[in-house]
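Beneath this line is the structure, given in structure tokens, with notes to follow.
The values are calculated or read from the model by the stated rules, or taken from the named source; none is laboratory data. All values derive from a computational prediction rather than experimental measurement. Cβ atoms come from the backbone with ideal geometry, glycine included; neighbour counts cover every protein chain shown. Keep in mind that these areas ignore ligands, DNA and RNA; they rest on the heavy atoms of the full protein, side chains included. Shrake-Rupley method; radii C 1.70, N 1.55, O 1.52, S 1.80 Å.
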Amino acid sequence: MQLPPALHARLAGAPGEAEPLPVERDPAAGTTPFRFAARQDGDVQRHLYLQDVLTQVAWDPERPRVPEFTCQVAGCCQVFDALEDFEHHYHTLHRNVCSFCKRAFPSGHLLDTHILEWHDSLFQILAERQDMYQCLVEGCTEKFRTSRDRKEHLVTRHLYPADFRFDKPRKSKGPATPGPAVQVSAEALGDDQVPSEGDAMEVCFEHTELPPEPSGERRTYGHRIPSTICFGQGASRGFKSTKKRNKHQ
Amino acid sequence: MRLHHVEPTAAPPQAVELRGEELRCRRREREAALRKARREQQLVSKRLLRDEDPEKAEGYVAVILGEAEIQQFLRLAQRGTEEKEREKALVSLRRGLQHPETQQAFIRLEGSIRTLVGLLTSNQALLQLEAARCLHELSHSEQSTVAEACLPATSYLLTYLSGHSSDFIELCLYTLGNLIVESEAVRRQLLPQGIVPALAACIQSPHLTVLEALGYALSQLLQAKEAPEKIIPSVLGSPLPQHMLQLLQPGPKLNLGVAVEFAWCLHYIICSQVNNALLITHGALSTLGLLLLDLAGAVQRTEDAGLELLACPVLRCLSNLLTEAAVEAVGEQMQLRDERVVAALFILLQFFLQKQPSLLPEGLWLLNNLTANSPSFCTSLLSLDLIEPLLQLLSVSNVVSVLVGPLLPSLLDTLAFSDTEVVGQSLELLQLLFLYQPGAVQAFLQQSGLQALQRHEEVAQLQDRVRALQQTAQHG
């Protein structure tokens, strides 16, 4: 097919509309805009592409590496020899960290919720009177009176697992605690259900100011952060009520 | 970008011919299988991230692991004392999971998914990553039982989409996309778990790899048979459509891999006809029109493979949107009026003729829809000298005769005018028409063409052309 040479110049030219000449399609010809049904080949090409495009990544532990370096975050002594590994480590463990209790969260959203529900005494006060426990699913604006109600909602409405890791029970152990005996609230990474997942890396997060509370779920591995940190009503009053976030850029 | 087409590997000279033929043959077989699947409405394809080197892939065979071995690796990953040991165990598991038999053994083993999910959500970042890679292999299975076995992991995969580790998010997205296309049970769980808002939040990522993965996952979601009722309305109600259109805007930031995925997303949405008027008010027509211009420019400049992958959905989206009544209702900026679109289309038609003839009908379909209600675009065909190229396409496509059909009556009409310029041009076009479509002569005679010509027999400027036409019409 031979195209007129001026066509390419027209493409590169300014936008414009042709002044309609009286040469028009005859409506009697009957071909108005139509939906094209038999479009097989375009679909076939699309699927061949999906199948062929092997997104190649370099996950092989034997791949070329860089000289060992240590994570620079205070208290972390994890060593790496590949940048991608460090990136993921950093985002997982240092990015959304609660500056009160050092727990790490997978997202800013969950961190915010945690700080609000665990470390904000104003929240506790308000929660006695109104629905404060926000649904954890992004886009859902429902709020609940108790964290247990919220969990119920997560399971029945959003089909979340009942043992969703980021919504674990927190046992409140202060002296006279008004409200429900067991607060269920967003909980961090670091709470492994399987006791045997003792983790050498946890040593780096141990904060000497944290009292290892004896609790029913105390792990036998001394280096781990206790699975439930009880601040209770008394302890939380010792912190400022304004949100503090460990912001890493 | 880590996009990688599987290319034929280098081979000693005498083997090249055979290898090339073998690959072409295999490709033809795959195309035939895909066509068959499409006819039976069973077209399911997935994407895979893997660390194999395609050059080595030929000889690589995934090791089949039995239940006992799988259990051993899982135990080691979970309870090993050495970090490296735990990682290596998961890597071995992951390699084994490349094989369907290992996948089956894995899902048969009690507690295996639970353990894997435990590792996925552990505080050991690298174990988390490897566990996710294992899940990804499982997601690639063609057995829906394997996909459904991964259900306990989905809430976590979605949670991790709001994180920051781009490689990890990319992995989760491809995994989700694969699971989505495999099983309706998976979709029935993911929707209430909030996949649409999660994807909407993710589309703001600055990482191209994440965006491409997101486009892929979304395209799988939008193709579901229940999509028009259950999925597309909430997608249209989210910020997704505006962001999609932004990602399709031509310019230095346009990324081919990303654009391909979102163009297909748009195509599935438009086909569903849930609310195309909304897309038009978001400027879909002008965005896609500009993208078409960009594509035409690109095909002139480069031998780049893959442009037709984007051209196809763009053509379809434009063609379908042009059938919407809403087109008339929107303001001028939102409409498609720029005649450069016609120029671009013909440049693409020429490209298709050479590289992908199967796309010609789709391009001509767009041409039909462009000219159907637009005298201006019809005029552009003339003013840009495109009638002859169009007629040249008569031999390759029946669709052209549909387009060309109305040409004769229109040209006959113009013979009634007195403007010599216009008439002269029409005479030349008639000559071309007779050249490419001999059948037009009969129609011309039947529609009193000769009488129409008589008017101009004495006009000096037109005489020669008139006589030539009379000759052709009467003597063939």
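Scanning segment B:358-373 for residues that are surrounded by fewer than 23 Cβ atoms within 10 Å (Cβ to Cβ) and more than 9 Å from every other protein chain (Cβ to nearest Cβ) gives a single hit, B:Leu360.
Checked across segment B:150-158, the condition of being over 24 Å from B:Gln204 (Cβ atoms), modelled with pLDDT of 95 or more, touching a helix residue (DSSP H, G or I) at 6+ places or on another chain (Cβ under 7 Å) and open to solvent by 20 Å² or more (accessible area, probe 1.4 Å) holds for at least one residue. Screening segment A:134-150 for residues that are touching a residue at least 24 places away in the same chain (Cβ under 8 Å) and within 18 Å of the chain's Cα centre (by Cα) and picking the one that is farthest from the other protein chains (Cβ to nearest Cβ) gives A:Leu136.
Among the residues of segment B:384-398, those identified as facing chain A (nearest Cβ under 7 Å) and in contact (Cβ under 8 Å) with a residue 24 or more places away in the chain are B:Leu384, B:Pro389, B:Gln392, B:Leu393. Residue pairs whose Cβ atoms lie under 6 Å apart, sitting 6 or more positions apart in sequence or on different chains, and linking a residue in segment B:314-342 that is among the hydrophobic types (A, V, I, L, M, F, W, C) to a partner that is part of a loop (DSSP other than H, G, I, E, B), are B:Leu322/A:Pro33; B:Met334/B:Gly283. Based on this model, can you work out whether A:Asp163 counts as farther than 30 Å from B:Cys150 by Cα, more than 9 Å from chain B (Cβ to nearest Cβ) and open to solvent by 20 Å² or more (accessible area, probe 1.4 Å)? When the stated conditions are applied, A:Asp163 does not pass them.
Let me confirm something: among A:Val155, A:Val97, A:Val137, which residue is open to solvent by 20 Å² or more (accessible area, probe 1.4 Å) and among the β-branched types (Val, Ile, Thr)?
Numbers: A:Val97 fails: open to solvent by 20 Å² or more (accessible area, probe 1.4 Å); A:Val137 fails: open to solvent by 20 Å² or more (accessible area, probe 1.4 Å).
Going through A:Val155, A:Val97, A:Val137 in turn, the sole match is A:Val155.
The set of residues from segment B:335-353 being assigned to a helix (DSSP H, G or I) and facing chain A (nearest Cβ under 9 Å) comprises B:Arg340, B:Val342, B:Ala343, B:Ala344, B:Phe346, B:Ile347, B:Leu349, B:Gln350, B:Leu353. Restricted to helices (runs of 4 or more DSSP H) entirely inside segment B:383-467, those with at least 1 residues that are exposed (fewer than 15 other Cβ atoms within 10 Å of the Cβ) and aliphatic (A, V, I, L, M) are B:420-436, B:439-446, B:449-454. Screening the candidates B:Gly118, B:Gly163 for the property of being facing chain A (nearest Cβ under 7 Å), touching a Ser or Thr at 6+ places or on another chain (Cβ under 7 Å) and surrounded by fewer than 23 Cβ atoms within 10 Å (Cβ to Cβ) yields one hit, B:Gly163.
A search for C-beta distances below 7 Å between a residue of segment B:422-448 that is assigned by the TED database to the domain that holds B:Leu469 and farther than 12 Å from B:Leu394 by Cα and any residue that is open to solvent by 20 Å² or more (accessible area, probe 1.4 Å) and of a type in the set (Phe, Trp, Tyr), counting only pairs 6+ apart in sequence or on different chains, returns B:Val423/B:Phe417. Would you check if B:Ala263 is within 26 Å of B:Pro228 (Cα to Cα) and at pLDDT 95 or above? Criteria met by B:Ala263.
Can you spot a residue in segment A:166-181 that is closer than 25 Å to B:Leu191 by Cα, modelled with pLDDT under 95 and outside any loop (DSSP other than H, G, I, E, B)?
Here is the first cut: in segment A:166-181, the ones closer than 25 Å to B:Leu191 by Cα are A:166-168.
Adding the requirement that they be modelled with pLDDT under 95 leaves A:166-168.
Right, trim to outside any loop (DSSP other than H, G, I, E, B) and you get A:168.
Yes, because at least one residue in segment A:166-181 is closer than 25 Å to B:Leu191 by Cα, modelled with pLDDT under 95 and outside any loop (DSSP other than H, G, I, E, B).
May I ask you to list the residues in segment B:312-334 that are open to solvent by less than 30 Å² (accessible area, probe 1.4 Å) and not in a helix (DSSP H, G or I)?
B:Leu322, B:Val330, listed by residue number.
On the stretch given as segment B:121-139, residues that are at the interface with chain A (Cβ under 10 Å from one of its Cβ atoms) and among the acidic types (Asp, Glu) total 1.
Looking across segment B:367-397, just one residue is touching a Lys or Arg at 6+ places or on another chain (Cβ under 8 Å) and either of a type in the set (Lys, Arg) or at pLDDT 85 or above (or both), and that is B:Leu384.
Answer yes or no: is there a residue in segment B:92-103 that is among the β-branched types (Val, Ile, Thr), touching a residue at least 24 places away in the same chain (Cβ under 8 Å) and under 20 Å from B:Pro152 (Cα atoms).
Start the filter on segment B:92-103 by keeping residues that are among the β-branched types (Val, Ile, Thr), which leaves B:102.
Filter again for touching a residue at least 24 places away in the same chain (Cβ under 8 Å), leaving B:102.
Narrowing further to those that are under 20 Å from B:Pro152 (Cα atoms): B:102.
So far as segment B:92-103 goes, yes, one or more of its residues are among the β-branched types (Val, Ile, Thr), touching a residue at least 24 places away in the same chain (Cβ under 8 Å) and under 20 Å from B:Pro152 (Cα atoms).
Looking only at segment A:77-107, which residues are outside any helix (DSSP H, G or I), in contact with a Cys (Cβ under 9 Å, 6 or more places away or on another chain) and under 22 Å from A:His119 (Cβ atoms)?
Going through segment A:77-107, the residues outside any helix (DSSP H, G or I) turn out to be A:77-82, A:96-107.
Add one more test, that the residue is in contact with a Cys (Cβ under 9 Å, 6 or more places away or on another chain), and what stays is A:77-80, A:104-105.
Correct list: A:Ala104, A:Phe105.
Here the helices (runs of 4 or more DSSP H) wholly within segment B:137-256 that include at least 2 residues being touching a Gly at 6+ places or on another chain (Cβ under 7 Å) are B:208-222. Residue count for segment B:264-297 under the criterion of being open to solvent by less than 20 Å² (accessible area, probe 1.4 Å) and in contact with an Asp or Glu (Cβ under 7 Å, 6 or more places away or on another chain): the result is 3.
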